[in-house]
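Peer 1: Before anything else, here's the structure in question.
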Amino acid sequence: GVFEYELMRPPIQGMPGMGQVAELRGALRNLGTPEDREDRDFELSLFILGAGGSVRAAAEAYSRTLAWRRAAGADAVRSAVRGGRASHPTKFPCAKAIQDAWPHSMVNVDCWCRDGQPFSVTRMGLVDLKRLTSTVSQDHFELYMLYTLEARLWRIEQLSAQHGRLMQYLDVHDFCQPRGGNITTYGKNLSYFRSTVLKLLPHYPEQVHGVHLVNMPVVMRGMWGLARMSLPERTRQKVEVVDLTKLSNYLTLEVESNNLPYFLGGRLDTLLTASEAHELRMLFAEDIYVDFAAAEVEQSAVYVHDVPADFDLSSRLSFDENEEGVYCEG
């Protein structure tokens, strides 16, 4: 069927890159990869913005993206996300298994920057990569991230139309580890996240206006210092490494404290460990729900207010050929 999103007109005529969309469509036709659907004007403008205004570079990048989308079945994922069948993160493939191993909220979170742009957060320091890799295959993880990136694109398009200007995420990745944690938690299993960066992100440019890497261990700071040199200048300018033990109020310059999670220096009760929720309750005398039954140890009890688990998922994974996506059977 035809969903409402497929009939949308360009949402923001004055958005950076929007005025060059027609030229980009012409360049794509010249490359033999035409794209004539009007509902993709916003996406095309992001490619122009990511290419620094170069229509030729944007056309080459989007031509590669079109080929990738056909091979990956990405249009079926887009229809599921925008059409409502998988519009909420709990409906993404293997959502609960991944959330249990990696506390994060990259799409829906009750956090907003002071300028009204959306805020997302991941708790990289609490990720249990052994658990993740033992319950979810890399293919399934990549599919989950494909749903996530499609949902983020749809959300910033809607917000941009609502506000009349380009809206992008501020992504915060918190590397603070629980007591007794160390860098050996990572290692070769980081391939799950590396594959997302290398395979998926090039096809979803300009979703963020800034990325904060918070509380990175010393070793990882050194690794990042080397890795950042291989990134484009535009990307490097968006990324900042922040040590909240020295700059405790840094994030409140961009986000109101009431909209900032407690572990980042605010008062919002989302993605907390059991111990953090207890501390917040004692400090502010607030009645905060924590799913203690799900806690294996004090530092691993995680709940997510904005992404409620409305159905149970086990770690057994399978494909259903009658559906467009992959799911975890309950």
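Peer 1: Determine whether segment 217-238 contains at least one residue that is in contact with a Phe, Trp or Tyr (Cβ under 9 Å, 6 or more places away or on another chain) and within 23 Å of CYS113 (Cβ to Cβ). Break it down into steps so the answer makes sense when it comes.
Peer 2: Just the residues of segment 217-238 that are in contact with a Phe, Trp or Tyr (Cβ under 9 Å, 6 or more places away or on another chain), to begin with: 217, 220.
Imposing the further condition that a residue be within 23 Å of CYS113 (Cβ to Cβ) reduces the set to none.
No, every residue in segment 217-238 fails to be in contact with a Phe, Trp or Tyr (Cβ under 9 Å, 6 or more places away or on another chain) and within 23 Å of CYS113 (Cβ to Cβ).
Peer 1: Being of a type in the set (Asp, Glu) and surrounded by fewer than 21 Cβ atoms within 10 Å (Cβ to Cβ) is the filter here; which residues of segment 125-174 pass it? Walk me through how you get there before you give the answer.
Peer 2: Just the residues of segment 125-174 that are of a type in the set (Asp, Glu), to begin with: 128, 139, 142, 150, 157, 171, 174.
Passing the criteria: ASP128, ASP139, GLU142.
Peer 1: Moving on. Restricting attention to segment 149-165, does a residue exist that is under 28 Å from LEU44 (Cβ atoms), modelled with pLDDT of 95 or more and not in a helix (DSSP H, G or I)?
Peer 2: Among the residues of segment 149-165, not one is under 28 Å from LEU44 (Cβ atoms), modelled with pLDDT of 95 or more and not in a helix (DSSP H, G or I), which makes the answer no.
Peer 1: Could you tell me how many of the residues in segment 252-274 are at positive phi and open to solvent by 10 Å² or more (accessible area, probe 1.4 Å)? Before you say what the answer is, go through the steps one by one.
Peer 2: Initially, segment 252-274 is screened for residues at positive phi, giving 265, 271.
When the remaining residues are screened for being open to solvent by 10 Å² or more (accessible area, probe 1.4 Å), the result is 265.
Of the residues in segment 252-274, 1 are at positive phi and open to solvent by 10 Å² or more (accessible area, probe 1.4 Å).
Peer 1: Output the residue which, of all residues in segment 175-193 that are farther than 22 Å from SER248 by Cα and modelled with pLDDT of 70 or more, is surrounded by the most Cβ atoms within 10 Å (Cβ to Cβ).
Peer 2: Filtering segment 175-193 for residues that are farther than 22 Å from SER248 by Cα and modelled with pLDDT of 70 or more, the one surrounded by the most Cβ atoms within 10 Å (Cβ to Cβ) comes out as TYR192.
Peer 1: Would you tally the residues in segment 197-222 being in a helix (DSSP H, G or I) and touching a residue at least 40 places away in the same chain (Cβ under 8 Å)? Quick ask: steps written out before the conclusion?
Peer 2: Of segment 197-222, the ones in a helix (DSSP H, G or I) are 197-203, 218-222.
Right, trim to touching a residue at least 40 places away in the same chain (Cβ under 8 Å) and you get 199-203, 220.
Counting residues in segment 197-222 that are in a helix (DSSP H, G or I) and touching a residue at least 40 places away in the same chain (Cβ under 8 Å) gives 6.
Peer 1: Also: Of the conditions (1) within 17 Å of the chain's Cα centre (by Cα); (2) in a helix (DSSP H, G or I); (3) of a type in the set (Ser, Thr, Tyr), THR122 satisfies every one except a single condition; which number is it?
Peer 2: Here THR122 clears every test but (2).
Peer 1: Now for a different question. Checking ASN108 against (1) assigned to a strand (DSSP E or B); (2) touching a residue at least 60 places away in the same chain (Cβ under 8 Å): exactly one of these is not met. Which one?
Peer 2: Of the numbered conditions (1) assigned to a strand (DSSP E or B); (2) touching a residue at least 60 places away in the same chain (Cβ under 8 Å), the odd one out for ASN108 is (1).
Peer 1: So is VAL197 of a type outside the set (Ser, Thr, Tyr), in contact with a strand residue (DSSP E or B) (Cβ under 9 Å, 6 or more places away or on another chain) and either open to solvent by less than 10 Å² (accessible area, probe 1.4 Å) or modelled with pLDDT under 85 (or both) or not?
Peer 2: Values: of a type outside the set (Ser, Thr, Tyr): yes; in contact with a strand residue (DSSP E or B) (Cβ under 9 Å, 6 or more places away or on another chain): no; either open to solvent by less than 10 Å² (accessible area, probe 1.4 Å) or modelled with pLDDT under 85 (or both): yes.
Here the answer is no, as VAL197 does not meet what is asked.
Peer 1: Return a yes/no flag: does segment 58-76 have any residue that is open to solvent by 20 Å² or more (accessible area, probe 1.4 Å), in contact with an Asp or Glu (Cβ under 9 Å, 6 or more places away or on another chain) and among the charged types (D, E, K, R).
Peer 2: Within segment 58-76, none of the residues are open to solvent by 20 Å² or more (accessible area, probe 1.4 Å), in contact with an Asp or Glu (Cβ under 9 Å, 6 or more places away or on another chain) and among the charged types (D, E, K, R).
Peer 1: Cβ-Cβ below 7 Å, separation at least six or inter-chain, first residue in segment 231-256 and under 11 Å from VAL214 (Cβ atoms), second open to solvent by 80 Å² or more (accessible area, probe 1.4 Å) and assigned to a helix (DSSP H, G or I): which pairs?
Peer 2: VAL241/ARG221
Peer 1: Quick one: which residue in ALA97, ALA61, ALA74 is under 16 Å from ARG152 (Cβ atoms) and either touching a strand residue (DSSP E or B) at 6+ places or on another chain (Cβ under 9 Å) or in contact (Cβ under 8 Å) with a residue 40 or more places away in the chain (or both)?
Peer 2: Values: ALA97 fails: under 16 Å from ARG152 (Cβ atoms); ALA61 fails: under 16 Å from ARG152 (Cβ atoms).
Only one candidate qualifies: ALA74.
Peer 1: Are there any helices (runs of 4 or more DSSP H) wholly within segment 32-103 with 1 or more residues that are of a type in the set (Ser, Thr, Tyr), and if so which? Before you say what the answer is, go through the steps one by one.
Peer 2: Details: elements: 41-50, 55-72, 74-83, 95-101.
Fully inside segment 32-103 and qualifying: 41-50, 55-72, 74-83.
The values are calculated or read from the model by the stated rules, or taken from the named source; none is laboratory data. Since this is a predicted model, take the numbers as computed values, not measurements. Heads up, the Cβs are rebuilt from the backbone with ideal geometry, glycines too, and the neighbour counts pull from every protein chain shown. Surface accessibility is based on the protein's heavy atoms, side chains included, excluding ligands, DNA and RNA. Shrake-Rupley method; radii C 1.70, N 1.55, O 1.52, S 1.80 Å.
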